[in-house]
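A.B. asks: Quick one: the structure is below, questions incoming.
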Amino acid sequence: MLSDAEIQEAARAILEAEKNVSALPPLSGTYPGLALTDAYRIQDRVNAEREQRGLAFAGYKIGLTWQTIQIACGLTEPICGRILADVVHPSGFLLQAADYIDPHIEVELAFVMASDIDVPLRTADEVLAVTDHVVPALELVDFRMAPPRIVADTVADNSAFAGVVLSNHRLRPQDVDTRWMGATLARNGIVEVSGVAAMGMSHPALCVAWLANTLLERGGRLRAGALVMTGAFAAALPAVAGDRFEADFGPWSGLGVSFQ
């Protein structure tokens, strides 16, 4: 277990790397055997520092929701991080590639909660009953640590969160089977990956249930209005200046983002 001083030191190193747009060596090299519990403590300290600087949070992101990836990483559950409100963008937004270290784009669904979650959620239907709407989305991930990284490194780094792009098309959860919502993701006009939302824990709503229950176990709560990115359902694509990404959700609209 890391000391409070080590947690503070690690958090400041991550924030400095973000500020300088320069990757730092993985924390797991500095602190051998870095545990997920300590990684979440570092993440909490990073986000507390951001909050002290006046930044606000819009919700949570969930990562590593595919069971195959969890097995490969020696995990039994996903990981999560916080969504910063100032980097929630509309479709068509132009990002500056120079602002990121190693940016990637993922296609996902975003759930927006209708009420506070005070009790454990057990089924997808229970989640849908407390969901206000669902939005096709893209997540921008960025890695403030150089390889070779372990999962704990990513968790400490706020689970590699860097931004969100949302469609202007909102869907009522009772009007669509979110499990079978799918999309293609094209880079510069060429479709490179595709998938369906069921890739994550067999249903995106179950990803939300995991998050809500995890927050309750940690003494927190998923609140009304929170934006929840439910995890990628296709492989992430790297981005460089000049790239244009377009996600096609078929009958559920599409969205895009570009880098310059």
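A.B. asks: Any idea what the dipole of the stretch 56-259 comes to, in debye rounded to 20, about its Cα centre with Lys/Arg Cβ at +1 and Asp/Glu Cβ at -1?
C.D. replies: On the way: 13 positive and 22 negative charges, 32 e Å.
In debye, rounded to 20, the stretch 56-259 gives about 160.
A.B. asks: Which percent of Cα pairs goes in each bin when the distances of the chain are cut into 5 angstrom slices starting at zero?
C.D. replies: Result returned by the calculation: 1, 6, 14, 18, 20, 18, 13, 7, 2, 0, 0.
A.B. asks: Rounded if a/c is under 1.5, else prolate if a/b beats b/c, else oblate: with a ≥ b ≥ c from the C-alpha gyration tensor eigenvalues square-rooted, which is the stretch 111-260? Can you show the working numbers first?
C.D. replies: On the way: a/c = 2.05, a/b = 1.25, b/c = 1.64.
Here the stretch 111-260 falls in the oblate category.
A.B. asks: Considering amide H positions built from the backbone, and no H for Pro or chain starts, which residues 5 or more places from ALA235, or on another chain, come under 5 Å of its amide H?
C.D. replies: HN-HN under 5 Å from ALA235: SER194.
A.B. asks: Determine how many Å³ per residue the convex hull of the Cα atoms of the stretch 42-91 encloses.
C.D. replies: Values: hull volume 4.5 nm³, N = 50.
Hull volume over Cα atoms, normalised by residue count, gives 90 Å³.
A.B. asks: Cα centroid distance between the stretch 209-260 and the stretch 1-79, in Å?
C.D. replies: 18 Å
A.B. asks: Could you list the trypsin sites (Lys or Arg not before Pro) in the stretch 1-103 that lie in coil according to DSSP, counting only those with at most 15 other Cβ atoms within 10 Å of their Cβ? Please report the intermediate quantities before stating the final value.
C.D. replies: Details: sites: ARG12, LYS19, ARG41, ARG45, ARG50, ARG53, LYS61, ARG82; in loops: ARG53.
Sparse-neighbourhood loop trypsin sites (Lys or Arg not before Pro): ARG53.
A.B. asks: Tell me, what HN-Hα J-couplings in whole Hz come from the Karplus equation 6.51 cos²θ - 1.76 cosθ + 1.60 at θ = phi - 60° for each residue of the stretch 249-260, using x for Gly and Pro?
C.D. replies: Working through the residues one at a time gives 9, x, x, 9, 6, x, 7, x, 8, 10, 10, 10 Hz.
A.B. asks: I would also like to ask the following. Modelling each spin label as a point 7 Å along the Cα-to-Cβ direction, I'd like the GLN67/GLU9 distance in nm, to one decimal.
C.D. replies: So the label points at GLN67 and GLU9 sit 4.2 nm apart.
A.B. asks: Using only DSSP helix segments of four residues or longer, with each worth -39500 (n - 2.57), what per-residue ellipticity at 222 nm results for the chain after dividing by its residue count and rounding to 500? Walk me through the intermediate numbers first.
C.D. replies: Details: 7 runs with 71 residues, N = 260.
The helix-only estimate for the chain comes to -8000 deg cm²/dmol at 222 nm.
A.B. asks: Modelling each spin label as a point 7 Å along the Cα-to-Cβ direction, I'd like the ARG122/THR37 distance in nm, to one decimal.
C.D. replies: Going by the 7 Å Cα→Cβ label model, 2.9 nm.
A.B. asks: If a/c stays under 1.5 just call it rounded; otherwise compare a/b with b/c (prolate if a/b is bigger, oblate if not). Do that for the stretch 37-130, with a ≥ b ≥ c from the square roots of the Cα gyration tensor eigenvalues. Show your work: numbers first, answer last.
C.D. replies: Working: a/c = 1.36, a/b = 1.25, b/c = 1.09.
Here the stretch 37-130 falls in the rounded category.
A.B. asks: Let me ask something else about it. Could you compute the FRET efficiency for VAL196 and ALA48, with r as their C-beta to C-beta distance and R0 at 25 Å, rounded to 0.05? Please list the in-between numbers first.
C.D. replies: Numbers: r = 36 Å, r/R0 = 1.46.
Efficiency, from the Cβ-Cβ distance: 0.10.
A.B. asks: Using the Karplus curve 6.51 cos²θ - 1.76 cosθ + 1.60 with θ = phi - 60°, what ³J(HN,Hα) values do you get for each residue of the stretch 213-223, in whole Hz, with x for Gly and Pro?
C.D. replies: 5, 5, 5, 4, 4, 8, x, x, 7, 7, 9
Readers should treat all values here as calculations from the given coordinates under stated rules, not as data from a laboratory. None of the values given here were measured: they were computed from a predicted structure. Using ideal geometry, Cβ is built from the backbone for each residue, glycine included, and neighbour counts are taken over all protein chains shown.
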